[in-house]
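Q: Below are the structure tokens for one structure; questions will follow.
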There are 2 protein chains.
Amino acid sequence: MSDFLAGLSRNPLAKRLGAPTVPELRRHHPGDPLLAGPVLVADVGGGARFAKAASALVEEQGVPLLSEPGEQKLHGVVVDLTGATTLADLAAAQQLLGPAVKRLGPSGRLLLIGAEPAEAVTPESAAVAQALDGLVRSVAKELRSGATANLVVVAGDAPPTAVDSTLRFLLSARSAYVDGQVVHVANPVGNPREPAEVDDPRAEERPLDGRIAVVTGAARGIGAAIADTLARDGASIVAVDLPAAGEGLAATANRTGGTALQLDITAADAADRLLAHLADRHGGVDLVVHNAGITRDKLLANMTPERWDPVLAVNLGAQLRINEALLDDGSPLRPEGRVVCVSSQSGIAGNRGQTNYAASKAGVIGMVRALAPRFAERAATINAVAPGFIETEMTATMPVGTREAGRRVNSLKQGGLPVDVAETIGWLGRAESGGLNGQVVRVCGQSILGA
Amino acid sequence: MSDFLAGLSRNPLAKRLGAPTVPELRRHHPGDPLLAGPVLVADVGGGARFAKAASALVEEQGVPLLSEPGEQKLHGVVVDLTGATTLADLAAAQQLLGPAVKRLGPSGRLLLIGAEPAEAVTPESAAVAQALDGLVRSVAKELRSGATANLVVVAGDAPPTAVDSTLRFLLSARSAYVDGQVVHVANPVGNPREPAEVDDPRAEERPLDGRIAVVTGAARGIGAAIADTLARDGASIVAVDLPAAGEGLAATANRTGGTALQLDITAADAADRLLAHLADRHGGVDLVVHNAGITRDKLLANMTPERWDPVLAVNLGAQLRINEALLDDGSPLRPEGRVVCVSSQSGIAGNRGQTNYAASKAGVIGMVRALAPRFAERAATINAVAPGFIETEMTATMPVGTREAGRRVNSLKQGGLPVDVAETIGWLGRAESGGLNGQVVRVCGQSILGA
């Protein structure tokens, strides 16, 4: 919790302004169990494939599996609504969810699993599938004490195993700041691997074991947190940043037991140099995290090429070139390769003073969607994360009013931490996450700012 | 402007709180010119088909057509970016837009026209097309004095005439409260008609002349404004509402010179009765506006079927049944038929206390998307409007804090008026709007609340 908000809660003026209490979010620490208590799993409408997968996960984790709400506080509620096709099914969901939501504990998890509206056979089933979107975004705004609600939309041809890594992420403390979101899971690209063996505890604790991950902008801030978190989960880190950031870069490499590469990603030969480095020194790469980004804010009326061009070059142009190179013949990207691009809430909602930044971050989204089918041909995926208000050195220097407003306008009533972005990237970076491709996942605590 | 805000601006405490000044929005009145001053039209990247269409419209309207910003205040700026495929094109757009935006007058109009990101040939062109989304949403947040910015995304096979009704709407005062939005125009359904003859002033003033429009929930509020506005634009109104709303319903019918039909749209035979009435008494229908809607707010934890079921039945179930009937053989829906469904910002962003309402309004969106191809087979379209904070009797009874917050959290710093929703429906209801199908258009002043 921020010191400012803690102090604010004792200020009488703040009380008159209705300053909210700030819940403490449970976050993941190595050795913590995935599930902190009983989980209710149910299905409505007769589709129970994913409820079965969720039940198996709960039993594997050794916490009580409930089929209806009792008196206990619940860690999680998972409802498989993939078979819900009528307004009567939707009404049944309401009657199930009401009492269940009442029992959800601090940092609890509500997870709805629904069908793809675009695949619906009848207009009513399309309406019902889309209704879950409005329902989950509303209930996410009602939950308290750090509890979250998210919707997993699964394609009709996705096997139950396709959602495994997503269930693990969204039910666990790793997804602390992912709230009110809708994630689409398709039939996995390539030859999907079965979920990791449950009797190997390292598989749960170190889901990125043996994977080589390159992170740009890794010298500090969110990039450093990404490197730390991926390393914690077993990845070998190749930390990339500008030569001028050498000290922070070396620190990241040392901290993570990885290596450092000083590189200006906007240089004409940057993609070639990066990929040659990955091929020659590491024998390939499994996870590419395009995190490096800059801002040069100014109203459009006063915008100059000096502010526009570098933002587009760093945030978008460099990603475009590296991604093209990753798709070339002889690319070091290995099967089950994962590319994760850092977009931004500004790229979705727009932001005053940030036409350049928002254009670059929206551009990242366009690029990710365009490249998804091409990466799929290589049994790889490309996705984006879109952070909302994340506590960094940059936000620490904001005017206090702007900063506090940014922190408070979301359902969790606080800014996220760099680790929250990193955990989301780790989930998308898993070999088991091949069902996620071309997605944009917001890490924003369900910020009210949107499109 | 609201009396409260006008008073607030003289309150010293309000100044300390940073209460914004509220711009007066230009709205359409019969006889007003479409364009209130010079319009700058340009293209970037070599695609100029839609710039030409815009130039022709400006010349038809007899206001100065500029190709670069001068010293004059501008009514509008239209930039055709359908040919923009590279970051260099995007930089060129920035250099054009900066000076142009500076000259935009009160209630001015910035309109970007872009290509479909999903149709892009290269990842870079997909990124550029999507970048316009972030750019326009950002600049919309920067504009002042009631000026708006919107993006029209056109399919590659859409002829220049396909955007005519959309240019007229978004450049005119009719779109006063549509801001920061992205509208997709495709090759029109059916046999698209050429834009109305320009030398017939009635065509401009009464674009719905000769069309029969049915409006549900027409006794009061937004429904009454829809009936009034469509009648002003030439439509014959069939006003529908509950028998209990008979007095308001009769008033709407009298005011608009239309007819009234007392009908509970949730009754089992409602669709049959409505369509038989339209066929027998009016010989068909051209425009169906599903406006009737109710709220029964309660947190999901305390939700009951008594609150859930009627909201879903009125807001979604009735629309589903009437739309199915409109698609049946022997339906009274005529060629160039238009169905417009009223969704809500809550159906996009979710809303605390409104799981039922948000589910119903999200459901409307799912239904519209699912039905669009089926209506297209009949040379008809179906679209949705999603109002944000609109000043009605309902909002007038809100607690003052909630109401003022709702009014202020958008780029125009005020609530919209029922007529703003009505004008948007009128545009979608035109015979010339066949390029718009399966769309959801927010009427929210670029509310910050989104998904």
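Q: With the requirement that a residue be over 19 Å from the mean Cα position of the chain (by Cα) and buried (at least 18 other Cβ atoms within 10 Å of the Cβ), what does region B:377-403 give you?
A: First, the residues of region B:377-403 that are over 19 Å from the mean Cα position of the chain (by Cα): B:377-379, B:393-403.
Scanning region B:377-403 gives a single hit, B:403.
Q: Out of everything in region B:61-113 that is hydroxyl-bearing (Ser, Thr, Tyr) and without any contact (Cβ under 8 Å) to a residue 60 or more places away in the chain, what residue ends up being nearest to residue A:307 (Cα to Cα)? Working first, answer last.
A: Here is the first cut: in region B:61-113, the residues hydroxyl-bearing (Ser, Thr, Tyr) are B:67, B:82, B:85-86, B:107.
If we keep only those that are without any contact (Cβ under 8 Å) to a residue 60 or more places away in the chain too, we end up with B:67, B:85-86.
Values: B:67: 25, B:85: 20, B:86: 18 Å.
Once the filter is applied, the top-ranked residue is B:86.
Q: Against the condition at pLDDT 95 or above, basic (Lys, Arg) and crowded, with 24+ Cβ neighbours inside 10 Å, how does residue A:374 come out, does it pass?
A: Against the criterion (at pLDDT 95 or above, basic (Lys, Arg) and crowded, with 24+ Cβ neighbours inside 10 Å), residue A:374 does not qualify.
Q: Separate question: Which residue out of A:51, A:6 is at pLDDT 95 or above, small (Gly, Ala, Ser) and in a helix (DSSP H, G or I)? Can you show your working first?
A: Values: A:6 fails: at pLDDT 95 or above.
None of the other options fit; the residue is A:51.
Q: Of the residues in region B:150-182, how many are within 14 Å of chain A (Cβ to nearest Cβ), outside any loop (DSSP other than H, G, I, E, B) and surrounded by 22 or more Cβ atoms within 10 Å (Cβ to Cβ)?
A: 3
Q: Okay, moving on. Among (1) modelled with pLDDT of 95 or more; (2) within 30 Å of residue B:155 (Cβ to Cβ); (3) part of a loop (DSSP other than H, G, I, E, B), which single condition is residue B:42 missing?
A: (3)
Q: Does residue A:372 qualify as being in a loop (DSSP other than H, G, I, E, B), more than 7 Å from every other protein chain (Cβ to nearest Cβ) and among the small types (Gly, Ala, Ser)?
A: Numbers: in a loop (DSSP other than H, G, I, E, B): no; more than 7 Å from every other protein chain (Cβ to nearest Cβ): yes; among the small types (Gly, Ala, Ser): yes.
Considered against the rule, which asks whether it is in a loop (DSSP other than H, G, I, E, B), more than 7 Å from every other protein chain (Cβ to nearest Cβ) and among the small types (Gly, Ala, Ser), residue A:372 comes out as no.
Q: Would you pick out the residues in region A:342-359 that are over 19 Å from residue A:439 (Cβ atoms) and either more than 7 Å from chain B (Cβ to nearest Cβ) or in contact with a strand residue (DSSP E or B) (Cβ under 7 Å, 6 or more places away or on another chain) (or both)? Step through it out loud before you land on a result.
A: Just the residues of region A:342-359 that are over 19 Å from residue A:439 (Cβ atoms), to begin with: A:350-359.
Answer for region A:342-359, where residues must be over 19 Å from residue A:439 (Cβ atoms) and either more than 7 Å from chain B (Cβ to nearest Cβ) or in contact with a strand residue (DSSP E or B) (Cβ under 7 Å, 6 or more places away or on another chain) (or both): A:353, A:356, A:357.
Q: For residues that are more than 9 Å from every other protein chain (Cβ to nearest Cβ) and more than 16 Å from residue B:38 (Cβ to Cβ), tally how many sit in region B:97-117.
A: So the answer is 5.
Q: Here's a follow-up. Which one of these does residue A:83 not meet: (1) part of a loop (DSSP other than H, G, I, E, B); (2) facing another protein chain (nearest Cβ under 10 Å); (3) crowded, with 18+ Cβ neighbours inside 10 Å?
A: Failed condition: (2).
Q: Considering every residue within region A:385-392, establish whether at least one is without any contact (Cβ under 8 Å) to a residue 60 or more places away in the chain, farther than 24 Å from residue B:84 by Cα, within 14 Å of another protein chain (Cβ to nearest Cβ) and touching a Phe, Trp or Tyr at 6+ places or on another chain (Cβ under 7 Å).
A: First, the residues of region A:385-392 that are without any contact (Cβ under 8 Å) to a residue 60 or more places away in the chain: A:385-386, A:389.
Those left that are additionally farther than 24 Å from residue B:84 by Cα: A:385-386, A:389.
Retained after the next criterion (residues that are within 14 Å of another protein chain (Cβ to nearest Cβ)): A:386, A:389.
In the following step, the residues that additionally are touching a Phe, Trp or Tyr at 6+ places or on another chain (Cβ under 7 Å) were identified as none.
Scanning region A:385-392, I find no residue that is without any contact (Cβ under 8 Å) to a residue 60 or more places away in the chain, farther than 24 Å from residue B:84 by Cα, within 14 Å of another protein chain (Cβ to nearest Cβ) and touching a Phe, Trp or Tyr at 6+ places or on another chain (Cβ under 7 Å), so the answer is no.
Q: Check region B:276-295 and report whether any residue there is within 23 Å of residue B:362 (Cα to Cα) and surrounded by fewer than 17 Cβ atoms within 10 Å (Cβ to Cβ). Before you say what the answer is, go through the steps one by one.
A: Here is the first cut: in region B:276-295, the ones within 23 Å of residue B:362 (Cα to Cα) are B:287-295.
Within this subset, residues satisfying the condition of being surrounded by fewer than 17 Cβ atoms within 10 Å (Cβ to Cβ) are B:294.
Yes, the conditions are met somewhere in region B:276-295.
Q: Could you count how many residues in region B:168-210 are modelled with pLDDT of 95 or more, within 18 Å of residue B:231 (Cβ to Cβ) and acidic (Asp, Glu)?
A: 1
Q: Something else: Select from region A:230-252 the residues that are surrounded by 15 or more Cβ atoms within 10 Å (Cβ to Cβ) and either among the acidic types (Asp, Glu) or free of Cβ contacts under 8 Å to residues at least 24 places away in the same chain (or both) and list them in ascending order. Write out each step before concluding.
A: Initial filter on region A:230-252 (surrounded by 15 or more Cβ atoms within 10 Å (Cβ to Cβ)): A:230-242, A:245, A:248-252.
The answer is A:233, A:241, A:242, A:250.
Q: Now, a different point. Give me the residue from region A:130-144 that is under 22 Å from residue A:168 (Cβ atoms) and not β-branched (Val, Ile, Thr) and, out of that set, farthest from the other protein chains (Cβ to nearest Cβ). First the steps, then the outcome.
A: Taking region A:130-144 first, the residues under 22 Å from residue A:168 (Cβ atoms) are A:132, A:136, A:139-140, A:143.
Keeping just the survivors that are not β-branched (Val, Ile, Thr) gives A:132, A:140, A:143.
Numbers: A:132: 7, A:140: 7, A:143: 9 Å.
Step by step, filter region A:130-144, then rank; the result is A:143.
Q: Mind telling me which of the residues A:127, A:91, A:147 ends up being within 11 Å of another protein chain (Cβ to nearest Cβ), over 14 Å from residue A:42 (Cα atoms), surrounded by 23 or more Cβ atoms within 10 Å (Cβ to Cβ) and aliphatic (A, V, I, L, M)? Give the derivation first.
A: Details: A:91 fails: surrounded by 23 or more Cβ atoms within 10 Å (Cβ to Cβ); A:147 fails: within 11 Å of another protein chain (Cβ to nearest Cβ).
None of the other options fit; the residue is A:127.
Q: Of A:301, A:313, which residue is farther than 22 Å from residue A:223 by Cα and over 23 Å from the mean Cα position of the chain (by Cα)? Break it down stepwise before answering.
A: On the way: A:313 fails: farther than 22 Å from residue A:223 by Cα.
Step by step, each of A:301, A:313 is checked, and only A:301 is farther than 22 Å from residue A:223 by Cα and over 23 Å from the mean Cα position of the chain (by Cα).
Q: Let me ask something else. Among (1) away from chain B (no Cβ under 11 Å); (2) in contact (Cβ under 8 Å) with a residue 60 or more places away in the chain; (3) touching a Lys or Arg at 6+ places or on another chain (Cβ under 9 Å), there is one condition residue A:337 misses while meeting the rest; what is its number?
A: (2)
Q: Mind checking which residues of region A:413-440 are hydrophobic (A, V, I, L, M, F, W, C), surrounded by fewer than 24 Cβ atoms within 10 Å (Cβ to Cβ) and within 12 Å of the chain's Cα centre (by Cα)? Don't jump to the end; show me each part of the working.
A: Looking only at region A:413-440, we keep the residues that are hydrophobic (A, V, I, L, M, F, W, C), and these are A:417, A:419, A:421-422, A:425, A:427-428, A:431, A:436, A:440.
Narrowing the set further to residues that are surrounded by fewer than 24 Cβ atoms within 10 Å (Cβ to Cβ) leaves A:417, A:419, A:431, A:440.
Once the filter is applied, which keeps residues that are hydrophobic (A, V, I, L, M, F, W, C), surrounded by fewer than 24 Cβ atoms within 10 Å (Cβ to Cβ) and within 12 Å of the chain's Cα centre (by Cα), region A:413-440 yields A:419, A:440.
Q: Now a separate question. Does region B:323-335 include one or more residues that are assigned to a strand (DSSP E or B) and surrounded by fewer than 16 Cβ atoms within 10 Å (Cβ to Cβ)? It would help to see each step written out before you state the result.
A: Filtering region B:323-335 for residues assigned to a strand (DSSP E or B) gives B:333-335.
Next, from what is left, pick out any that are surrounded by fewer than 16 Cβ atoms within 10 Å (Cβ to Cβ): B:335.
Checked region B:323-335: at least one residue is assigned to a strand (DSSP E or B) and surrounded by fewer than 16 Cβ atoms within 10 Å (Cβ to Cβ).
The values are calculated or read from the model by the stated rules, or taken from the named source; none is laboratory data. Note that the coordinates shown come from a computational prediction; the quantities given were computed from them, not determined experimentally. Here Cβ is always computed from backbone atoms with ideal geometry, including for glycine, and neighbour counts include all displayed protein chains.
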